[in-house]
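Reviewing the structure listed below.
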Amino acid sequence: MVTPHQYAQAHAQDFIEQFIELLRIPSISTLQEHAVDVERAAQWIAYDMKHIGLHTVEIHQADGYLPLVYGEWLGAGEDAPTVLVYCHFDVQPAAMADGWLTPPFQPTQREGKIYARGALDSKNHVVAHLKAVESLLATGGAPVNIKLLFEGEEESGSAHIFQFVKDNPDKLKADVIVVSDGSMPDENQPVLVYGLRGIVQLEVTVTGPMRDLHSGHYGGNVHNPIQALTEILAALHDQEGRVTVPGFYDDVRELTPEERDVLSAIQPWVEREWQLVTGAPMPWGEPDFRLHERIGVRPTLEINGIAGGFFGKGFKTVLPHKAWAKLSCRLVPDQHPATIAKQVKETILRLAPPTVRVDVTHMSNDDAPGVLLDYHSRGMQTCIQAYEKGWGKKPVLTREGGSVPVVAVFQQVLDADLVMMPFGYKGGGAHSPNEYMVIEMFHKGIATAIHFYQLLGASK
């Protein structure tokens, strides 16, 4: 009888072609004009779920939100473990003007890679899990019950899925939750992520005169809002990169010697990836912490955007009416988003000079706390074995700098082991021009997912 792995190998090219089909759909959740494309991607996924043999397939779309797709196969029986898999199929905007070499929604294969928006973040995970389940069901069934929950608005805030999880704890009940998102620092070295940073976002508006003014008449006697804003922002860090907001580090958990030792294994991979991907002259940040610790275990305050005045072609000598900045803080476990937002807001208002008006808005709907998972748990240990079989190498443990807000909701609502299972290479440029997925890693991801289901079923 054909095994699931043999089936996956025999259908490898079919799987690639289906991956390309989904990549062609511009499922951009942050642009209203692409809502119909997000819905089209949901229909594609639902059709594939039915085609591969899932018992129940549902598209859920609340008023004013984009769809999510739920499917389940419970053929392993009540005594078998149940796995809930989460991925997202929406993507960031992309256009040739951003620097793409080929159209972002016309997938292009070259040098063992597929270039397209969403190839890395995160349609590869969606298709890899669908094809792993297909390989199992087509060769006699799975040893575990499988529930798939694929989201269409992760890139635009995930508001619908938060409520969906809270409203459906029985439907989503599982022994292990697999969250497939994120990436690895090297194509040949798998990683097992057991920590994620949370996030807080704020907007700062600095207003000076009632309208733009002639800089010759009013420069030097009206405080320029851009200058005032940059003076405030510069004061939020010291010269070595530490955040100067009072209380910012009060709840940060210190690394234990054991955890620092565990994390040290990822250091050479992170340093190599940093050099390849960033192109920056040298690392920056808190000198008491190594590079991988600054990324995963320390909180940050970043300036994500700044605007004001005139920046078109030519020159316009104005003293601007307003200046704006967007800030985000990446949080570690035990830091509370509302507390950090309050501390940052109070500090900015305290730094504000009387010569301008400063407004700070906390975008609280996007808050997410940091997450820490138990790497000794059954699910994590099974995942280690699955990666070792699928990749041919034991994964190294790491804590990631990014945020996957739904993970915290899963932790709060569902009583289950949580596992992070990425399949792509970080150098593939998620959110960047010329995003790509390494084809070999796509197939290894399918193999790893199959191994995970098999190993978990064997451990019941």
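The values are calculated or read from the model by the stated rules, or taken from the named source; none is laboratory data. Fair warning: this is a prediction, and the values are worked out from it, not measured in the lab. Here Cβ is always computed from backbone atoms with ideal geometry, including for glycine, and neighbour counts include all displayed protein chains.
So N168 fits all but one of (1) in contact (Cβ under 8 Å) with a residue 12 or more places away in the chain; (2) out of contact with any helix residue (DSSP H, G or I) (no Cβ under 7 Å at 6 or more places or on another chain); what number is the exception?
(1)
Before we move on, is D48 in a helix (DSSP H, G or I), in contact (Cβ under 8 Å) with a residue 60 or more places away in the chain, over 21 Å from the mean Cα position of the chain (by Cα) and closer than 23 Å to I114 by Cα?
So D48 passes the test.
Filtering segment 1-45 down to residues that are part of a helix (DSSP H, G or I) and among the β-branched types (V, I, T), which residue is surrounded by the most Cβ atoms within 10 Å (Cβ to Cβ)?
Only one residue tops the list, namely I45.
One line per residue, one yes/no per condition, for (1) at pLDDT below 95; (2) closer than 26 Å to P67 by Cβ:
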| site | (1), (2) |
| --- | --- |
| Y115 | no, no |
| L130 | no, yes |
| K147 | no, yes |
| N188 | yes, no |
| V200 | no, no |
| T205 | no, no |
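Going by what's in this entry, would V409 be described as outside any helix (DSSP H, G or I), in the same structural domain as G152 (by TED's automatic domain parsing) and in contact with a helix residue (DSSP H, G or I) (Cβ under 8 Å, 6 or more places away or on another chain)?
No; evaluated as a whole, the condition is false for this residue.
Picking from G309, G314, which residue would you name as being free of Cβ contacts under 8 Å to residues at least 60 places away in the same chain and on the phi > 0 side of the Ramachandran plot?
Exactly one residue qualifies, and that residue is G314.
Evaluate the following for E154: is it surrounded by fewer than 23 Cβ atoms within 10 Å (Cβ to Cβ), assigned by TED's automatic domain parsing to the domain that holds A447, more than 20 Å from Q6 (Cα to Cα) and not hydrophobic (A, V, I, L, M, F, W, C)?
Answer is no for this residue.
Which residues, counting only those in segment 304-333, are basic (K, R) and touching a Lys or Arg at 6+ places or on another chain (Cβ under 7 Å)?
Residue satisfying the conditions is R330 alone.
Hey, among P225, P185, which residue is more than 29 Å from the chain's Cα centre (by Cα) and either assigned by TED's automatic domain parsing to the domain that holds F410 or closer than 24 Å to R350 by Cβ (or both)?
The unique qualifying residue is P225.
List the helices (runs of 4 or more DSSP H) that sit entirely inside segment 256-343 and contain at least 2 residues that are exposed (fewer than 15 other Cβ atoms within 10 Å of the Cβ) and either touching an Asp or Glu at 6+ places or on another chain (Cβ under 9 Å) or of a type in the set (A, V, I, L, M) (or both).
Output list reads 267-278.
Take the conditions within 29 Å of H292 (Cα to Cα) and not in a strand (DSSP E or B) and apply them to D170. Does it pass?
No: the conditions fail for D170.
Just a yes or no: is a residue in segment 437-454 in a loop (DSSP other than H, G, I, E, B) and in contact (Cβ under 8 Å) with a residue 60 or more places away in the chain?
No.
How many of the residues making up segment 188-217 are hydrophobic (A, V, I, L, M, F, W, C), crowded, with 23+ Cβ neighbours inside 10 Å and farther than 30 Å from V406 by Cβ?
Residues meeting the conditions: 1.
Taking M421 and the conditions (1) touching a Phe, Trp or Tyr at 6+ places or on another chain (Cβ under 8 Å); (2) over 17 Å from A174 (Cβ atoms), which numbered condition does it fall short on, given that it satisfies the others?
(2)
Taking L192 as meeting all but one of (1) assigned by TED's automatic domain parsing to the domain that holds Y70; (2) in contact with a His (Cβ under 8 Å, 6 or more places away or on another chain), write down the number of the exception.
The single condition L192 does not satisfy is (2).
In segment 426-460, what count of residues is obtained for those that are of a type in the set (D, E, K, R), closer than 22 Å to V85 by Cβ and within 16 Å of the chain's Cα centre (by Cα)?
Residues flagged as of a type in the set (D, E, K, R), closer than 22 Å to V85 by Cβ and within 16 Å of the chain's Cα centre (by Cα) within segment 426-460 amount to 1.
Checking G392 against (1) surrounded by fewer than 22 Cβ atoms within 10 Å (Cβ to Cβ); (2) touching a Leu at 6+ places or on another chain (Cβ under 9 Å), which single condition isn't satisfied?
Here G392 clears every test but (2).
Identify, please: which residue in segment 415-429 is out of contact with any helix residue (DSSP H, G or I) (no Cβ under 7 Å at 6 or more places or on another chain) and surrounded by fewer than 22 Cβ atoms within 10 Å (Cβ to Cβ) and is, among those, nearest to K113 (Cα to Cα)?
It comes out as G429.
Wholly within segment 81-165, which strands (runs of 3 or more DSSP E) include no fewer than the required count, namely at least 1 residues that are more than 23 Å from H443 (Cβ to Cβ) and either within 19 Å of the chain's Cα centre (by Cα) or basic (K, R) (or both)?
Passing ranges, in order: 82-88, 145-151.
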